[in-house]
Amino acid sequence: MTVRIDETNPDSKVCFFTVENGEEIRICDTLEVQTDSEKAMSFVEIEARRVYITEVEADALTVAGVKDGRKHLKADTSDSVI
C-alpha cells in the first residue's frame with residue numbers, strides 16, 4: 001500500500017504517500033482524490049505530480065477527510081469489460 005493515514009489527531013489527520021524519492025506527508029483535508037479517465041485510475045496530486053492509488057486507498061483517504069472528486073467512468077464500447 002502506498003498510502004498510510006495517521007489518525008492520532010482526529011481534528012487533523014495526516015496522509016503519508018510512498019513515492020519514488022521517499023515519502024510525501026500532507027494534511028488529509030487539503031487533498032482531493034481525482035480520476036485519470038485515460039488510465040481509469042484514481043490519483044492524488046502532490047507537488048504537481050500524480051500519485052496513483054488503488055480504489056481501496058482512495059476510499060480510505062476519503063474516510064480520513066480527503067475530498068472525493070472521482071468520476072464514475074462508463075464504457076462506450078460493447079466489448080468493454082466495464
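Since every read-out is calculated from the coordinates, none of them should be taken as a lab result. Computed from a predicted structure; not experimentally measured.
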Study note, to complete from the structure: Of the candidate values (1) 43; (2) 69; (3) 27, the one computed for percent of Cα pairs over 22 Å apart from this structure is (3)
**Study point:** Kirkwood Rh in Å, taken over all unlike Cα pairs in segment 8-48
**Key:** 11.7
Check your understanding: Using helices alone, what [θ] at 222 nm do you get for the chain, with -39,500 (n - 2.57) per DSSP H run of 4 or more residues, divided over all residues and rounded to the nearest 500?
Key -> -3000 deg cm²/dmol
Practice item. Compute the length gained on full extension between Thr8 and Glu38: take 0.36 nm times their separation in residues and subtract their Cα-Cα distance, giving the result in nm to one decimal. Key: 7.2 nm
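Length gain on complete extension for the stretch Tyr52 to Ile27, per 0.36 nm per residue less the alpha carbon to alpha carbon distance? Walk me through the numbers on the way to the answer.
On the way: separation 25, 0.36 × 25 = 9.00 nm, distance 1.77 nm.
Contour length minus the Cα-Cα distance gives 7.2 nm.
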